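Step one of this worksheet: look at the structure below.
The values are calculated or read from the model by the stated rules, or taken from the named source; none is laboratory data. Because the structure is predicted, anything quoted here is derived from the model rather than measured. We place every Cβ from the backbone using ideal geometry, glycine too, and count neighbours over all the protein chains shown. The protein model used for the area step is the full one, side chains on, heavy atoms only, and it has no ligands, DNA or RNA in it. Shrake-Rupley method; radii C 1.70, N 1.55, O 1.52, S 1.80 Å.
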Amino acid sequence: MKSIYDYTQEQLIDEFLELGEKKFRATQVFEWLYLKNVNSFHEMNNISQGLRQKLSALYSIGPLQINVKQVSKDGTIKYLFELEDGGLIEAVLMIHDYGRSLCITSQLGCNMACEFCASGLLKKQRNLTAGEMVNQVLTVMHDTGERVSHVVVMGTGEPFDNYDNMMNFIHIINHPKGLAIGARHITISTCGLCDKIEMYAHEGIQSNLAISLHAPNDEIRNQLMPINKKYPMDKLRETLAYYIQKTNRRVTLEYILLKGVNDDITHARQLAHYVKGLNAYVNLIPYNAVDEHGYQQSLQKDVEAFKAELLRFHINVTQRKEHGRDIDGACGQLRAKKVGEK
C-alpha cells in the first residue's frame, strides 16, 4: 500500500484529481497530515466519511514502529524504526540551545563503503521513499510531543543516490502547509556525488550542503572513501565552486579526525590549501569508533593542534560537540547490532 506521506502537495492534488476528487480536498488532507499531525484519516472531520474510507483503503498512514529507543544522559535519543517490509533504519534526535535537530536515514543500507563508517557494514537493499523519510520526523515528534526544528540527512545511506525521493522529502518538510521547516534548517550531507551536486545547484532550494570530506589528499581519501576514485578531490572542489557560485551558499566540509590517519599538522596544511578560496568552512568531527573497522578517535592534543593550524591559515573551522556518547552513537551501529542478532 502506498504511503500518504510520499506525496508533495502538488503530487497529492494530482492523485486526488485522478480519484475524481476536488483539488481543495487534497490541500485539506495535506494540512491534516502536517499542520495538525493526525495519524488517522478518520480524524479528518471536514472531509466526507466516504472519502475517508476511500483513502484508508488506498493509502497507509500513521507513525513508524519504534523497535528500539535509546536515551543518552545528554538527552540525545536514538531510534531504531521498523519499516513495513521489516527493514530497520535509524534516526537520532539531538537537543541544542537553538532547537531540536533530527538526523534521518535516506537508504536501507549503504553502498558507499566508507572504510570508517558503520553505515556501510550492511549493503544497500533499497532507497527509502519520501514518505519513509518524512515519517521519521513525524514519528519522533509524535513520540516526544515536541516539534523538530532542524533536519540533517546524515544517517545511513547517500542522499544523492536517492535523489528524486530526497527532493520530494525536502519539498514536503519545507512546505508552509507541510512541516514548515525552513530551508536553512535543513542540511543534506553527501560523500561527493559531483553530478548530483551540480543538479542540486539548480533546484533553487536554500538548504545547507555538507560534504563528507575526511581527507586532505587523494591518497588518503582513496583509502577511506571509494567514491573518491570516481570523483577525485580536484573534481569535487571544482563542483563545489560551481555550486557556491550558483547558489551563493556556504558549504560545510565535514572532517572526521582519525588517529594516525588524517590528523597531523601536515594534513591540516594540505586541507587548508584545499579549502582556501572556497566559501566553505571545516567542521571537525569526533570519531565514534566502530569495532569492525579498527580506527580510533584522535587524541585531544592532536585535535587542538589540527584546529589551530587551520586557524593559522585563516580557515573557518568549528568542532562538533559529541552527542549520545553513551549509546550506539555512530550511524548504523544500532541497526548493524540488531540485524546481527537475527
E90 accessible area, 1.4 Å probe, all protein chains in place, Å² to nearest 10: 10 Å²
Three-way shape call for region 1-154 based on the alpha-carbon gyration tensor, with the a/c threshold at 1.5: prolate
Chymotrypsin sites (Phe, Trp or Tyr not before Pro) restricted to DSSP loop in region 48-122 with at most 15 other C-beta within 10 Å: Y98
The chain: relative contact order as a whole-number percent, Cα under 8 Å and 6+ apart: 16 percent
Beta bridge orientation in region 101-231: antiparallel %, DSSP, nearest 5: 15 percent
Folded to 0 to 90 degrees: helix 130-144 orientation relative to the chain principal axis, Cα: 90 degrees
Heavy-atom surface of the chain, accessible at 1.4 Å and reported per residue (Å²): 44 Å²
Whole-percent carbon and sulfur share, accessible surface of the chain, 1.4 Å: 47 percent
Whole-Hz ³J(HN,Hα) from phi, Karplus 6.51 cos²θ - 1.76 cosθ + 1.60, for region 228-240, glycine and proline x: 5, 6, 8, 10, x, 5, 5, 5, 4, 5, 4, 5, 5
Note, ³J(HN,Hα) from phi for region 43-60, Karplus 6.51, -1.76, 1.60, rounded to Hz, x at Gly and Pro: 7, 7, 7, 9, 10, 5, 4, x, 5, 4, 5, 4, 5, 4, 7, 9, 10, 7
Amide hydrogen neighbours beyond the local backbone of V152, cut-off 5 Å, H modeled: L102, C103, I104, T187
³J(HN,Hα) computed for each position of region 95-103 - Karplus, 6.51 cos²θ - 1.76 cosθ + 1.60, integer Hz, glycine/proline x: 9, 10, 5, 9, x, 10, 10, 10, 8
For H202, solvent-accessible area (1.4 Å; no DNA, RNA or ligand), Å²: 110 Å²
Under-5 Å amide H pairs with V68, H placed in peptide plane, nonlocal only: L80
Förster radius 30 Å - calculated FRET efficiency between Q319 and N248, Cβ distance, rounded to 0.05: 0.70
Listed residues V92, V29, V71 arranged by accessible area, highest first, probe 1.4 Å: V71, V92, V29
Förster-model FRET efficiency, 25 Å R0, Q65 and E146, C-beta, rounded to 0.05: 0.80
Other-chain or far-sequence residues with amide H under 5 Å of G109's (modelled H): Q125
Among V152, V92, T247 the positive-end extreme of the charge dipole of the chain (Cβ point charges): T247
Area of D218 that stays accessible when all protein chains are in place (1.4 Å probe, Å², to 10): 60 Å²
Beta bridge orientation in the chain: antiparallel %, DSSP, nearest 5: 45 percent
Candidate residues E158, E82, E43: accessible-area rank, largest first, probe 1.4 Å: E43, E82, E158
Structure-derived volume of the Cα convex hull per residue in Å³: which label, when the choices are [x] 143; [y] 120; [z] 134: [z]
Surrounding net charge for Q206, when Lys and Arg each add one and Asp and Glu each subtract one, Cβ distance under 15 Å: +3
Net charge, A268 excluded, C-beta distance under 12 Å - Lys, Arg +1, Asp, Glu -1: -2
